[in-house]
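Trainee: Below is the structure I would like to discuss, written out as structure tokens.
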Amino acid sequence: MPQSLSNLYVHLIFSTKNREPLLVGDIANEIHPYLVGICENIGCPSIQTGGVADHVHCLFRLSRTMTIAEIVEKLKVNSSKWIKTKDTRYHSFHWQSGYGAFSVSHSNVDKVVKYIAEQETHHSKKTFQDEYREFLELHKVEYDERYVWD
């Protein structure tokens, strides 16, 4: 076959360092579009990006030429550098070192889009840690609680 074709969706989740609730106010309104722009620039179109004060969710189409680790690195490094320029209170901003990446079937894309769009409502009832554990269990990801959080 002369062409390489794919249509893979990834639901990426990562938090601020120590889950500090720093993504509030003006920065909250700017960070999600900024992440969308990074996704576009690296050939991983964002389908939906959102989150709350301590973490983000990004549903995107996976590039045929990049690994998930490379994509996460570009998202975190570029957005972290950008956030640090926004205000002196963000000079020591960091994302957590880890992340969760979960495959999404085409038939579930709309459900994940809705889930990401409703993060504020969702997190009025559930912490990030509880949400993340549920994702790990739902996707049958083995983990050691001692090493999940930073």
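Trainee: Pick from Asp110, Asp87, Asp54: which residue has the top mean-square fluctuation in a GNM of the chain where Cα pairs under 10 Å get a spring?
Mentor: The residue with the greatest mean-square fluctuation here is Asp87.
Trainee: Residues of region 53-82 with the amide nitrogen closer than 12 Å to a label point 7 Å from the Cα of Leu8, along Cα-to-Cβ, please.
Mentor: Label zone hits: 61-71.
Trainee: Suppose we flag trypsin sites (Lys or Arg not before Pro) only when DSSP calls them loop and at most 14 other Cβ atoms lie within 10 Å. Which is the longest uninterrupted stretch of the chain? Kindly include the intermediate steps, with their values, before the conclusion.
Mentor: Working: sites that count: Arg64, Lys125, Lys126, Lys140.
Segment 1-63 is the longest.
Trainee: Explain nothing, just the number: relative contact order of the chain, from Cα pairs under 8 Å at least 6 residues apart, as a whole percent. Don't jump to the answer; show the numbers that get you there.
Mentor: Numbers: 200 pairs, mean separation 47.8, N = 150.
About 32 percent, as a whole number.
Trainee: Looking at region 60-150, which GluC sites (Glu not before Pro) are in a loop (DSSP not H, G, I, E or B) and have at most 14 other Cβ atoms within 10 Å?
Mentor: Glu118, Glu142
Trainee: Label 7 Å along Cα→Cβ of Val141; region 82-125 residues with amide nitrogen under 12 Å?
Mentor: Only 98-104 pass the distance filter.
Trainee: Let me ask you something else. Students often forget the sequence filter, so: which lysines lie under 26 Å Cα-Cα from Lys140 once same-chain residues fewer than 8 apart are removed?
Mentor: Within the straight-line cut-off, Lys140 pairs with Lys17, Lys76, Lys111, Lys114, Lys125, Lys126.
Trainee: Cα gyration tensor of region 9-147, axes a ≥ b ≥ c as square roots of the eigenvalues: rounded (a/c below 1.5), prolate (a/b > b/c) or oblate?
Mentor: Working: a/c = 1.41, a/b = 1.15, b/c = 1.22.
In terms of gyration-tensor shape, rounded.
None of the figures in this text is laboratory data; all of them are computed from the coordinates on show. Only a predicted model underlies this, so the values are computations on that prediction, with no experimental measurement involved. FYI the Cβ positions are ideal-geometry reconstructions off the backbone, even for glycines, and counts take in every protein chain you see.
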